[in-house]
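*Asks:* Just passing along the structure, written as structure tokens.
The values are calculated or read from the model by the stated rules, or taken from the named source; none is laboratory data. Given the structure is predicted, the values throughout are model-derived calculations rather than measurements. Here the Cβ positions follow ideal geometry from the backbone for every residue, glycine too, while neighbour counts run over all protein chains shown.
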Amino acid sequence: MGSPTSSAQRRSGGRVRKREFRNQSKRATSGKACSPLASVVKDLLGRIEWLKVAKHAGGLAFSAFTGIPILDQLHAIVGTLQSMRPA
């Protein structure tokens, strides 16, 4: 006996097509009403550049683990010291 299959798997010969998954996920969320706060948060999270966040988080983790500041941190420190220097 085989494992139970969904109707989508039976129609596509065992493979579920990506388009059907997308349509199912849209249907599942389209019926829910979003509050104004939820839509603002969703928009904000969509604007975040996640690769930059991962880069900075990795640098901070490396710095915390080894105690050695990364190049970006050194540039920030030098910039701060230069801005504090009297003219």
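*Asks:* Please report, ordered by residue number, the helices (runs of 4 or more DSSP H) entirely within the chain with at least 1 residues that are at pLDDT below 55.
*Replies:* Qualifying helices (runs of 4 or more DSSP H): 7-11, 18-30.
*Asks:* Show the residue pairs meeting these rules: Cβ distance below 6 Å; 6+ apart or different chains; first residue within region 49-68 and of a type in the set (S, T, N, Q); second residue not in a helix (DSSP H, G or I).
*Replies:* Every condition considered, the pairs that remain are SER63/PRO69; SER63/ILE70.
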